[in-house]
1. I'm trying to understand the selection: among the residues of region 313-371, which are closer than 17 Å to residue 285 by Cα, assigned to a helix (DSSP H, G or I) and among the polar types (S, T, N, Q)?
2. Residues 143, 127: which one is open to solvent by less than 60 Å² (accessible area, probe 1.4 Å) and among the hydrophobic types (A, V, I, L, M, F, W, C)?
3. Hey, can you tell me all the residues within region 382-416 that are in a helix (DSSP H, G or I) and either aromatic (Phe, Trp, Tyr) or open to solvent by 50 Å² or more (accessible area, probe 1.4 Å) (or both)?
4. Can you find a residue in region 171-179 that is among the hydroxyl-bearing types (Ser, Thr, Tyr), outside any strand (DSSP E or B) and closer than 26 Å to residue 462 by Cβ?
5. State all residues of region 177-202 that are surrounded by 18 or more Cβ atoms within 10 Å (Cβ to Cβ) and of a type outside the set (A, V, I, L, M); if no residue qualifies, say none.
6. So, residue 455, is that one open to solvent by 30 Å² or more (accessible area, probe 1.4 Å) and among the β-branched types (Val, Ile, Thr) or not?
7. State all residues of region 434-468 that are acidic (Asp, Glu), over 23 Å from residue 74 (Cβ atoms) and assigned to a loop (DSSP other than H, G, I, E, B); if no residue qualifies, say none.
Amino acid sequence: MQIKQIFPNGKYLISRVLLRGNLCTVAKNESPNTVIENTLKTLPKKKRKKYIHGNSQSSSWEERLADVVTPLWRLSYDEQLRLKQMQQKKILQELSDLVKAAVPEVSLPLNNDNLSFPLLPIKPSPVIYGYRNKSTFSVNKGVDGDPKTVGFFVGSGKCKNIVCINDNHLLNTPAKHKMVARHYEDFIRTSPLDPCLLFHEGGHWREITVRTNSAGETMAIVFFHPQSLTPEEIYAQKACLVDHFIYGPGTDCKLDALYFQESSMTRCSNEVSPYQLLHGNPHIYEEVLGCRFRISADAFFQVNTKASEVLYHTVGEMCLSSVGDTLLDVCCGTGAIGISLASKVKRVIGIEVIEQAVKDARHNAFLNGKLNCDFLAGKAEVLLPKLIPSLGTESSIITVVNPSRAGVHHRVIRALRSNPAIRKLIYISCKPEGEGMRNFKELCCPLEGQPFRPVLAIPVDMFPHIAHCELVLVFER
């Protein structure tokens, strides 16, 4: 059996919100197992046959969902790590070849991995099961046809065969998240309002996001399409929601915060449509590497807290192997990297496009007594060209770039290359084979400003049972 036979339509669909939460590896118009198709070839024939057989169409709906959301779930964790290591090696060979072609006058010896720089063994996640601290559950028709089913999608929007499957069996989702999703499903099934499956077809109840921390505190955010309801009618629905989760059957969830957002768009920021706190505390807090961080409803925070400590510790080791006066943290989120390293440098400057995340970062710096941190809100491609010249060229600057899958704008790379004081750059990529590779090439190619070259690569597994991992790539010049 060929891998493509597992998916007769050739494609699966997972909602955009889920992808932004990095829950899975597939998207509309993408083959879900593109990475696995290549890496499975590295398995012994018997193991490969056993894995493929487990993915057959005769599998249950739950197994088919697991094959989409957590495509490596049938493999042992050691086998997952080996696949990811080999996939990173394959991706980095393209970069290594590029560097050799860009500087033909310099002899760059190849190592055992056929790379011009070392690739260290992948660092495993300390937690393998139920590691997610954030999950977004969608609403759509279930296997039984009930449109008020809460879970994740299997099927193709093009073929109009989307099915929403409960996530009770998924290995990466914690039990608390599953509990909240089930209670939300119970709530909307008793509500007289319809779910909002397609915006133009009406309906109101949309997805729910659940966030938790290591202490067990839980935040839930319910997304709601107002359609033509009056403010008074919406208020009544919010009251019903509170009654269910705080005073009714949903009290089992023990929510510490319950938010509500009215939105007629797929994704809407807090600035455009504020998150309304219906009950509890406005934030939950998490501790990473001895620092305490505030998490807002829409703030970015790595979905695997324990593995994020491994990631940030790795970045810290790479940063502090050189002496730097300033740490420039591009795409800093809530400031976790800069704040955790603030005591090792004279100054931290963080840049982040999401305003609420910058507010959280400033609060987190104050909360942890890191008074040498400054966080700026705005697009990096707008702020950096103005900021970089003001930093001067006398003091040493270490830069960390930690973007989304889309990478950073070429103007960001151009600005970083323009300042000779930036001798070391650490790029953290969750998708190095995509837009990350474009940024790598822009860093290394002969353009304006002295080019960088990769000197070390370290994969960190943030997502057990999923094909992706984070790649920490160190550049120097």
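The values are calculated or read from the model by the stated rules, or taken from the named source; none is laboratory data. Owing to the predicted nature of the structure, the values given are computational and were not obtained by experimental measurement. Backbone-built Cβ (ideal geometry, glycine too); neighbour counts: all protein chains shown. In case anyone asks, the SASA skips ligands and DNA or RNA and just uses the protein heavy atoms, side chains included. Shrake-Rupley method; radii C 1.70, N 1.55, O 1.52, S 1.80 Å.
1. 340, 356, 364, listed by residue number.
2. Values: 143 fails: open to solvent by less than 60 Å² (accessible area, probe 1.4 Å).
Going through 143, 127 in turn, just one is open to solvent by less than 60 Å² (accessible area, probe 1.4 Å) and among the hydrophobic types (A, V, I, L, M, F, W, C): 127.
3. Here is the first cut: in region 382-416, the residues in a helix (DSSP H, G or I) are 382-390, 410-416.
Matches in region 382-416: 382, 385, 386, 389, 390, 410, 411, 414.
4. First, pick out the residues of region 171-179 that are among the hydroxyl-bearing types (Ser, Thr, Tyr): 173.
Filter once more, so that each one left must be outside any strand (DSSP E or B): 173.
Checking the rest, the ones that are also closer than 26 Å to residue 462 by Cβ come to 173.
Yes: one or more hits.
5. Of all residues in region 177-202, those surrounded by 18 or more Cβ atoms within 10 Å (Cβ to Cβ) come to 177-178, 180-185, 187-188, 193, 195-197.
Listed by number, the residues that qualify are 177, 178, 182, 183, 184, 185, 187, 195, 196.
6. On the way: open to solvent by 30 Å² or more (accessible area, probe 1.4 Å): yes; among the β-branched types (Val, Ile, Thr): yes.
Spelling it out, residue 455 is indeed open to solvent by 30 Å² or more (accessible area, probe 1.4 Å) and among the β-branched types (Val, Ile, Thr).
7. Across region 434-468, the qualifying residue is only 448.
Let's see how each residue does on (1) touching a Cys at 6+ places or on another chain (Cβ under 8 Å); (2) at positive phi; (3) open to solvent by 60 Å² or more (accessible area, probe 1.4 Å):
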site: 278; (1), (2), (3): no, no, no
site: 297; (1), (2), (3): no, no, no
site: 319; (1), (2), (3): no, no, no
site: 341; (1), (2), (3): yes, no, no
site: 344; (1), (2), (3): yes, no, yes
site: 350; (1), (2), (3): yes, no, no
